[in-house]
1. Taking helices (runs of 4 or more DSSP H) that fall entirely within region 185-284, which contain at least 1 residues that are aromatic (Phe, Trp, Tyr)?
2. Do the conditions hold for His77, that is, is it in contact with a Pro (Cβ under 8 Å, 6 or more places away or on another chain), surrounded by fewer than 21 Cβ atoms within 10 Å (Cβ to Cβ) and either more than 20 Å from Pro279 (Cα to Cα) or β-branched (Val, Ile, Thr) (or both)?
3. I'd like to check something: does region 223-235 contain any residue that is surrounded by 16 or more Cβ atoms within 10 Å (Cβ to Cβ), under 18 Å from Ala125 (Cβ atoms) and among the charged types (D, E, K, R)?
4. Kindly provide the set of residues from region 249-265 that are under 19 Å from Thr150 (Cβ atoms) and exposed (fewer than 14 other Cβ atoms within 10 Å of the Cβ), ordered by number.
5. Can you confirm whether region 245-253 contains a residue that is under 22 Å from the mean Cα position of the chain (by Cα), closer than 30 Å to Ile80 by Cα, at pLDDT 95 or above and outside the structural domain of Val124 (by TED's automatic domain parsing)?
6. Quickly run through region 229-284 and pick out the residues that are β-branched (Val, Ile, Thr) and in contact (Cβ under 8 Å) with a residue 12 or more places away in the chain.
7. Which one of these does Cys272 not meet: (1) assigned by TED's automatic domain parsing to the domain that holds Val13; (2) surrounded by fewer than 17 Cβ atoms within 10 Å (Cβ to Cβ)?
Amino acid sequence: MALDKAPWKVGVVGYGRLGQSLVSHLLAQGPELGLELVFVWNRDPGRMAGSVPSSLQLQDLAALGERHPDLVVEVAHPQIIHESGAQILRHANLLVRSPSALANQTTERQLLGASHRWNHAVFVARGALWGTEDISRLDAAGGLQSLRVTMATHPDGFRLLGPLASAHITGPRTVLYEGPVRGLCPFAPRNSNTMAAAALAAPSLGFDNVIGVLVADLSLTDLHVVDVELKGPPGPSGQSFAVQTHRENPAEPGAVTGSATVTAFWRSLLGCCQLPSRPGIHLC
């Protein structure tokens, strides 16, 4: 279905697996949906050669304003949000694929400040988080007491930094981290986005009180498994409302992004284009 405001000019930052899929979708389906791809930027521009029309290749990210985008989509790395997120918001709404960047409080403040100053929205893709709306509604109603997200996959699917990069795999299933999501994101920026989305969906708990668990499982050669467990406060009987979800996302061996996440991200892009452009951080 075409968007009410057409065409929406979209820029893509990052040309890895997800970026390539997104660009392909925009070129093939964008016009009929009221979306116009106006640029693609990648840290290594050579990766775009032969697959992205030269007229769409942006060599300098600082020059994105010359393309007059309505929406810039980050599908690169959290570092892009740290370095350029606030500047992007000067020119356009921003759709974030790497919400782990928002665990950095300075980055979060900068994005919120730029969002309000330039009247542009920060949209965050829910990614692999199942039940995002339910979590948000329960949190807004004061019915959420705890939230725990466990992500398990084969060690080859991790891109870890600092102490986690040298963690020793002690058996077929090893817990690499268990604790507040804020403490995990700096050391697993590309493997903690689902947990970061959960922290944003439940602001009463946030990055400091949503618990993230990262598990290396040698049996999961072609799967990313996400378990979400939440509880509400005890009721009159002393029992608590509780929900558990188990999501298995097929993935190529060693891949950071699961197959279903690619489709989910495209739906997030279409969804945010139909939301009002208002300052603040919004899941989509």
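The values are calculated or read from the model by the stated rules, or taken from the named source; none is laboratory data. A quick note: this is a predicted structure, and the numbers were derived from the prediction, not measured. Note: ideal-geometry Cβ built from the backbone for every residue, glycine included; neighbour counts use all protein chains shown.
1. Of the helices (runs of 4 or more DSSP H) lying wholly inside region 185-284, those with at least 1 residues that are aromatic (Phe, Trp, Tyr) span 206-209, 259-272.
2. yes
3. No, that holds for no residue.
4. Pro250
5. no
6. Correct list: Val243, Thr245, Val256, Thr257, Thr261, Val262, Ile281.
7. For Cys272, the exception is condition (2).
Residue-wise test of (1) assigned to a loop (DSSP other than H, G, I, E, B); (2) among the small types (Gly, Ala, Ser); (3) in contact with a Cys (Cβ under 6 Å, 6 or more places away or on another chain).
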| position | (1), (2), (3) |
| --- | --- |
| Gly143 | yes, yes, no |
| Leu147 | no, no, no |
| Thr150 | no, no, no |
| Arg159 | yes, no, no |
| Pro163 | no, no, no |
| Gly179 | no, yes, no |
